[in-house]
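The values are calculated or read from the model by the stated rules, or taken from the named source; none is laboratory data. These numbers come from a predicted model, not from an experiment. Ideal geometry is used to build each Cβ from the backbone, glycine not excepted, and the neighbour counts take in all protein chains shown.
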Amino acid sequence: MHHFHYVGQNLHCESVDLAEVARLYGTPTYVTSAATMADNYNRLANSLTGLDVQLCYAMKANSGLAVLRHFARLGAAFDLVSGGELRRVLAAGADVKRSVFAGVGKTEAEIQLALESGIFSFHVESEPELARINHVAGKMGVKAPIAIRINPDVDAHTHAKITTGKSDNKFGIPLKFAAAAYEAASKYPHIQLRGVQMHIGSQLTEIGPFAEAVAKVAPFAAELKAKYGITYFSIGGGIGIVYKDALASGSAAWWDAQPAATRPLTPEAYGAALVPLLQPLGLKILLEPGRYMVGNAGVLLTRVEHLKRGSGKNFLIVDAAMNDLVRPAMYEAFHEIVPLHRDTTRRALVADVVGPICESGDCFAKDRQLQEVGEGEYIALMSAGAYGSTMSSRYNTRALPAEVMVQGSAFELVTARETFESMIAHEKIPAFLK
């Protein structure tokens, strides 16, 4: 559930009229609900009662400093994948010492920065990476805490570009080779074996793949605890969110009306299935949720530029583009599109919703039915809180969008819209062209 809803005819985030945000700060602008993020965090944490749980927010989903500070105050640690993300955690005044460093290509400089910052653990993806971490730790005269990422070869039944737990993905070490990898790791003088990790993919909407992967790796985790004294088992993230019917999914009534066989995965169902599998291990359980924490907590506001009526096709041209939200172009992703001012007396419009970038791929929706809207009016792309702002770019020399956070009736600009001057601040014309 979330905190986006109509009050009368106007779309609100919590108690804030989104049209007011659009008028004040312009568009395209991302708006994030603090209450929705808090609800998501608390529901997931409460679903795992009976376990010693550490939630590490996967910040690649949305790494804004305000978002990180909010989750830190709720009690979250962080799952980070670069030196830049580590610096963001520090800049947000959050805790690196409970956080984990994942990713397949950690550089020596990133490893050193993480060790200097007191990282809780590295999630190691390969034996060459293990050797590199040992080398850097040795030069620093310390031991590096690690967990090896296991690839359980479980099909997450999600988009091919975001599945990570199959044997043909680049992530982790196959389960059949994991025992040998831990044996080798135990012989490195500057490595401390702290845990074991897995993550099978993103946007999972059923419990089966999670349960299958945990059931596969849990016996191995128990062996590692007995042999090497590991203290934690990280089961990754991946809980999906609602994209279709996104606005309606903000109400409890919508969830209650869904047939049990097709109801989207909830934190409560996730916990009910996994707690019995994990409790006997007696290990700390780490989770690295990203999309689930922020996806339905954010929308992208955009202004209608034109309605272009073509031969058998309408095009609703808006001021947001694929550089602001790349998911539809990159993943063929669906985002529900709703007007900021709802008027049931207007006719329905069927149109492609497109941006101004000079590519046919700059399209948010094809043949989408929505209320007829005209030039200067605003619409919102729902479920845009994850992998929206963090994947935005300056393609076509378009400025990065503004970002606003809402809490109750208060709202504040947390990322100013980029200016042209800041875009080119680090460029120069070489002397030989002057």
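Only one of the listed residues (Ile317, Ile357, Ile285) is hydrophobic (A, V, I, L, M, F, W, C), over 19 Å from Ser249 (Cα atoms), under 28 Å from the mean Cα position of the chain (by Cα) and part of a loop (DSSP other than H, G, I, E, B). That residue is Ile357. Restricting attention to the range 244-281 and to residues that are more than 17 Å from Arg43 (Cα to Cα) and under 21 Å from the mean Cα position of the chain (by Cα), the residue that is surrounded by the most Cβ atoms within 10 Å (Cβ to Cβ) turns out to be Ala246. Criterion applied to Glu268, Glu305, Glu288 was being in contact with a Cys (Cβ under 6 Å, 6 or more places away or on another chain) and in contact (Cβ under 8 Å) with a residue 12 or more places away in the chain, and the one residue passing it is Glu288. Step by step: first the residues of the range 104-125, then only those that are over 15 Å from Pro145 (Cα atoms) and modelled with pLDDT under 95, then the one that is surrounded by the fewest Cβ atoms within 10 Å (Cβ to Cβ). Which residue is that? Only one residue fits best here, namely Gly105.
Look at (1) hydrophobic (A, V, I, L, M, F, W, C); (2) crowded, with 16+ Cβ neighbours inside 10 Å; (3) not in a loop (DSSP other than H, G, I, E, B) and you find that Leu400 fails only one, number (3).
The residues of the range 9-24 that are under 14 Å from Pro339 (Cα atoms), surrounded by 14 or more Cβ atoms within 10 Å (Cβ to Cβ) and out of contact with any Phe, Trp or Tyr (no Cβ under 8 Å at 6 or more places or on another chain), listed by number, are Asn10, Asp17. Of the residues contained in the range 221-238, none is found to be more than 26 Å from Gln54 (Cβ to Cβ), buried (at least 18 other Cβ atoms within 10 Å of the Cβ) and of a type in the set (Gly, Ala, Ser). The set of residues in the range 10-29 that are under 27 Å from Pro267 (Cα atoms) and either in the same structural domain as Asn323 (by TED's automatic domain parsing) or of a type in the set (S, T, N, Q) (or both) contains only Ser15. Confirm whether Val217 is β-branched (Val, Ile, Thr) and part of a loop (DSSP other than H, G, I, E, B). No. Can Val96 be described as in a helix (DSSP H, G or I) and of a type in the set (Val, Ile, Thr)? In short, no. The condition (being under 23 Å from the mean Cα position of the chain (by Cα) and either over 26 Å from Leu74 (Cβ atoms) or surrounded by fewer than 14 Cβ atoms within 10 Å (Cβ to Cβ) (or both)) is satisfied by just one residue among Thr27, Thr32, Thr36: Thr27.
For the range 125-151, a residue qualifies if it is free of Cβ contacts under 8 Å to residues at least 60 places away in the same chain and not in a helix (DSSP H, G or I), and the qualifying residues are Glu125, Ser126, Gly141, Val142, Lys143, Ala144, Pro145, Ile146, Ile148, Arg149, Asn151.
The requirement of being outside the structural domain of Ile239 (by TED's automatic domain parsing), under 22 Å from Val16 (Cα atoms), of a type in the set (A, V, I, L, M, F, W, C) and assigned to a strand (DSSP E or B) is fulfilled nowhere in the range 382-397; no residue meets it. Here Ile200, Ile207 are screened, and the one residue that is in contact (Cβ under 8 Å) with a residue 12 or more places away in the chain, more than 16 Å from Lys143 (Cα to Cα) and buried (at least 24 other Cβ atoms within 10 Å of the Cβ) is Ile200.
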